[in-house]
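Student: If you scroll down you'll find the structure; I have some questions about it.
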Amino acid sequence: MLKRVLLGILLTYFSVGLAFAQSASISSGLSWLAANQNSDKSWGNSSSLTEQFISTAETLETFRVTGNTGMPFQEGLGWLNSQQLDSTDFAAKRLQIRAKSAFDVTVDINGLIALRNVIDGNWGLDDEYSNAILDTALALQPLKSANYTDLTAINPALAYLTGSQNLDGGWGFPSTGSGQADSNVYLTAIVSATLQQFPQMTTIATAVNKATIYLLAQQNADGGFGSPSSTAYETALAYTALVAVSTNQAALTSAANYLITSQSANGSWNDDPYSTALALKALYLSENKPSPPPPAPAGGKITGTVIDKITGQKVTGVAVVLDSNQLINTTTDAFGNFTLSDIPAGAQKVNFSLTGYAATSATATVVVDVTASLGIIPMTSAATTGTIAGTITDSTGKPLTGVAITITGAWSGSATTGADGTYSFTYVTPGTVTISAAKTGFQTVTATGSVYARTTLTFSPRMSATASQVTTGILVGRVVDSYWGVPMGHLPEEKGVRVIVPGLAEVPVEPEGLSRG
């Protein structure tokens, strides 16, 4: 019992001591920032890790968050307002400050929206911007702060960020030439903090959770974050991204303690306004924990199964996207199944797409807390070519190897049967073709047929060493729709389909398009 009391006293003492240290660090850091404002009222010096504009914006944001909006803040804001905006990060940072400072930000919002990439509606990846992921995240933060509500701009950007997340849960800058984007703490922290500002529908919540796991795994032994060694700015950004969503209090405390112990005697971090501002904001949040991310709005679910219309096989990897909000998306699993969550109530259209298939859509009526099933969704192959294939055998049914197969007509080609007597031609242009099978010692067999898109024309004759004496035989075939490749004869309106062989009687078409005569 005495041990428990002593342990409780020690923990209380440590907590009080840490809180006192945090408060002292914040106070001395704010004093350093105020004393190191440039003569033009900006912040930034030769020790800064970033540009003067960004250093000033981060300093002003820290002053605002901590409630210090006196003369240094007002003068710095005046400098910020006077600057020329020529990039997404500048426009975003200024809007972030102005949106929280009682300004009319209509012009600022319109300017930031105008900077979107015309190709995909996001920000970045052209001559004027540094990185699409970073610029998109930086643009979304102030738009949320300014209560911008046009989802035609917001949702595609959120979908882009969640869709760009690496398998390890992080985000990274693509390397020159390789196209790879190895995850890093800096970008992951910024994107996660951005996503946390928006309602946590399934896609966003999953991305934030994966990012949290990634960030915690990157914490160094000294409690900080950064590679190859901890830095104040990366630790501060990581802490800001973790404080509202992580339950790992030990990791958070260790990170805050790293910031406190790495502060210089003059109150700064490395004499850098940018690092100092970020560190102070993180320590302030450690004393004033922010609210958790907003919950997802009430909604329902949509489920279904995607199959190949011709073969009936389940189709995996199909992109399933809600038409009204592409942020709500998924892909079909190995069994063709999918589930979309957080769907607003009402009639909702769902789009399906996969390379090699014609895109399709289906509509369901969604009710809150209820699952609506679309049932089976057939997708038709978008192929415009067909296949010719078969197995060549001798008169006893034994496979023949080395048979020369020649195709002429609408499409030309040649091949030789393998040890199992088989052959195949893919990507065959639709149309009438003549097929011949020839092998020394056997009678050549020739036939004419038609190739249709998405279907297979089968040619599998038995070859005889002597001329055939048979004067009659059986003709077997299948009638299909020339566009869809679907067998005909099983629908009421197709009962009249007949096959006519010149000089012979008409042959009726059975269900599934089969004809025998």
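The values are calculated or read from the model by the stated rules, or taken from the named source; none is laboratory data. Worth saying up front: this structure is predicted, and the values here are computed from it rather than measured. We place every Cβ from the backbone using ideal geometry, glycine too, and count neighbours over all the protein chains shown.
Student: Scan A232, A217, A221 and give me the residue that is under 17 Å from L283 (Cβ atoms) and among the hydrophobic types (A, V, I, L, M, F, W, C).
Tutor: A232
Student: Exactly one of (1) within 22 Å of K281 (Cα to Cα); (2) outside any helix (DSSP H, G or I); (3) at pLDDT below 85 is unmet by G121. Its number?
Tutor: Among (1) within 22 Å of K281 (Cα to Cα); (2) outside any helix (DSSP H, G or I); (3) at pLDDT below 85, the lone unmet condition for G121 is (1).
Student: What are the residues in the stretch 140-170 that are in contact with a strand residue (DSSP E or B) (Cβ under 9 Å, 6 or more places away or on another chain) and in a loop (DSSP other than H, G, I, E, B), if any?
Tutor: Those that are in contact with a strand residue (DSSP E or B) (Cβ under 9 Å, 6 or more places away or on another chain) and in a loop (DSSP other than H, G, I, E, B): S164, Q165, G170.
Student: Hey, another quick one. Quick check, is G76 surrounded by fewer than 20 Cβ atoms within 10 Å (Cβ to Cβ) and not polar (S, T, N, Q)?
Tutor: no
Student: Still on this structure: Do any residues in the stretch 24-40 that are at pLDDT below 95 have Cβ atoms under 7 Å from those of residues that are aliphatic (A, V, I, L, M) and surrounded by fewer than 19 Cβ atoms within 10 Å (Cβ to Cβ), where the two are at least six apart or on different chains, and which pairs are they?
Tutor: From residues that are at pLDDT below 95, the pairs are S25/I260.
Student: Could you tell me whether any residue of the stretch 295-306 is hydroxyl-bearing (S, T, Y), over 19 Å from the mean Cα position of the chain (by Cα), surrounded by fewer than 17 Cβ atoms within 10 Å (Cβ to Cβ) and modelled with pLDDT of 95 or more?
Tutor: Yes.
Student: Among (1) farther than 21 Å from G44 by Cβ; (2) in contact (Cβ under 8 Å) with a residue 40 or more places away in the chain, which single condition is N270 missing?
Tutor: So the condition that N270 fails would be (1).
Student: Next question, about the same structure. Can you tell me which residue among Y357, Y423 is surrounded by 16 or more Cβ atoms within 10 Å (Cβ to Cβ), modelled with pLDDT under 90 and either out of contact with any Cys (no Cβ under 6 Å at 6 or more places or on another chain) or under 30 Å from I343 (Cβ atoms) (or both)?
Tutor: Y357
Student: Here is a further query. Give the number of residues within the stretch 331-353 that are in contact (Cβ under 8 Å) with a residue 40 or more places away in the chain and surrounded by 19 or more Cβ atoms within 10 Å (Cβ to Cβ).
Tutor: Adding up the residues that qualify gives 5.
Student: On to the next question. From the list A92, A102, A137, pick out the single residue that is aliphatic (A, V, I, L, M) and in a loop (DSSP other than H, G, I, E, B).
Tutor: When all the criteria are applied, what remains is A102.
Student: Also, I was wondering about something else. Given (1) in a loop (DSSP other than H, G, I, E, B); (2) crowded, with 23+ Cβ neighbours inside 10 Å, identify the lone condition not met by I97.
Tutor: Among (1) in a loop (DSSP other than H, G, I, E, B); (2) crowded, with 23+ Cβ neighbours inside 10 Å, the lone unmet condition for I97 is (1).
Student: Count, please, the residues in the stretch 344-368 that happen to be under 13 Å from A382 (Cα atoms), touching a strand residue (DSSP E or B) at 6+ places or on another chain (Cβ under 9 Å) and of a type in the set (V, I, T).
Tutor: 1
Student: Taking into account only those residues within the stretch 56-101 that are in contact (Cβ under 8 Å) with a residue 12 or more places away in the chain and among the small types (G, A, S), which is nearest to G124 (Cα to Cα)?
Tutor: S87
Student: So for the stretch 226-239 (the condition being farther than 23 Å from K144 by Cα, β-branched (V, I, T) and either surrounded by 18 or more Cβ atoms within 10 Å (Cβ to Cβ) or touching a residue at least 60 places away in the same chain (Cβ under 8 Å) (or both)), does at least one residue qualify?
Tutor: Checked against the condition, which is being farther than 23 Å from K144 by Cα, β-branched (V, I, T) and either surrounded by 18 or more Cβ atoms within 10 Å (Cβ to Cβ) or touching a residue at least 60 places away in the same chain (Cβ under 8 Å) (or both), the stretch 226-239 yields at least one hit.
Student: Here are some residues: T426, T422. Which one is over 13 Å from T391 (Cα atoms) and of a type outside the set (D, E, K, R)?
Tutor: T426
Student: For the stretch 377-396, state whether one or more residues are closer than 30 Å to A296 by Cα and buried (at least 18 other Cβ atoms within 10 Å of the Cβ).
Tutor: yes
Student: Limited to the stretch 45-66, what total is found for residues that are in a loop (DSSP other than H, G, I, E, B) and either of a type in the set (K, R) or modelled with pLDDT of 90 or more (or both)?
Tutor: Residues that pass the stated criteria total 1.
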